Amino acid sequence: MLVVRPNLLSNNKVASMSHFNTFSLALHLVFCISFTTNAESATFVQCGKASWYELTSKTASGEMANPNGLTAAHRSLPFGTIVTVRNMANGRTVEVRINDRGPFVKGRVIDVTRKAAEQLGFKSKGIAKVQIEANIPASNSKHSGSRCQ
């Protein structure tokens, strides 16, 4: 894991960052996870690979899966969170609602339904590099940083 220490950085502006911001920078560099916060909400941003899946039973939230719905699985975002998913290759975006847990494959950050994959333009490929963004209550924010690149 990459560890960034303020006293090792030559830029005085960066070197004077608080330990929290240093930790946030390290998280962003390693995991491409970021949060922008205010008193009531935080903007969660994460980049990585997305895949699509077709579940025909109940999701982890207890609702019946709908392959034609715009829903998704994420490891930690609260159920019901609306997430904007952007395909980094073609710029297409879609809003999905988190109703399941996963993905459980290393390097993947979100599993979307077939319908969402079609709208994002990666159904035939199966996976795509994406950026996901969601507004969540500030009390749920555990990381900080900047946008995915």
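The numbers here are math on the coordinates, done by the rules we state, and not lab data. The structure displayed is predicted, hence computed values, not measured ones. We place every Cβ from the backbone using ideal geometry, glycine too, and count neighbours over all the protein chains shown.
Could you list which residues have their amide H under 5 Å from that of M88, counting only those 5 or more apart in sequence or on another chain, with H placed in the peptide plane?
Amide H to amide H, under 5 Å and 5 or more residues apart or across chains, M88 pairs with K129, V130, Q131.
Counting other Cβ atoms within 10 Å, keep those with at most 10, restrict to DSSP loop, and tell me which trypsin sites (Lys or Arg not before Pro) in the range 35-127 are left. Write down the numbers at each step before the final one.
Details: sites: K49, K58, R75, R86, R92, R97, R101, K106, R108, R114, K115, K123, K125; in loops: R75, R92, R101, K106, K123, K125.
Here the sparse-neighbourhood loop sites are K106.
What distance in nm separates the two pseudo spin-label positions at S57 and K125, each 7 Å out from Cα along the beta-carbon direction?
Calculated label separation equals 3.1 nm.
For every other residue with a beta carbon closer than 12 angstrom to the beta carbon of M64, add +1 if it is Lys or Arg and -1 if Asp or Glu, then tell me the sum.
On the way: positive: K58; negative: E63, D100.
Once positives and negatives cancel, what remains is -1.
Quick one: which residues, 5 or more positions from R75 or on another chain, have an amide H under 5 Å from its amide H? H modelled 1.01 Å from N in the peptide plane, none for Pro or chain starts.
Residues meeting the amide H criterion: G102.
Could you run the Karplus curve 6.51 cos²θ - 1.76 cosθ + 1.60 with θ = phi - 60° over the range 83-94 and give me ³J(HN,Hα) per residue in whole Hz, x for Gly and Pro?
Computed from phi, the couplings for the range 83-94 are 10, 8, 10, 10, 6, 5, 7, 10, x, 5, 10, 8 Hz.
With the cut-off at 1.5 for a/c, could you classify the range 36-139 from its C-alpha gyration tensor as rounded, prolate or oblate? Each step should come with its number before you reach the end.
Values: a/c = 1.82, a/b = 1.21, b/c = 1.50.
Because a/c hits 1.5 or more and a/b fails to exceed b/c, the range 36-139 counts as oblate.
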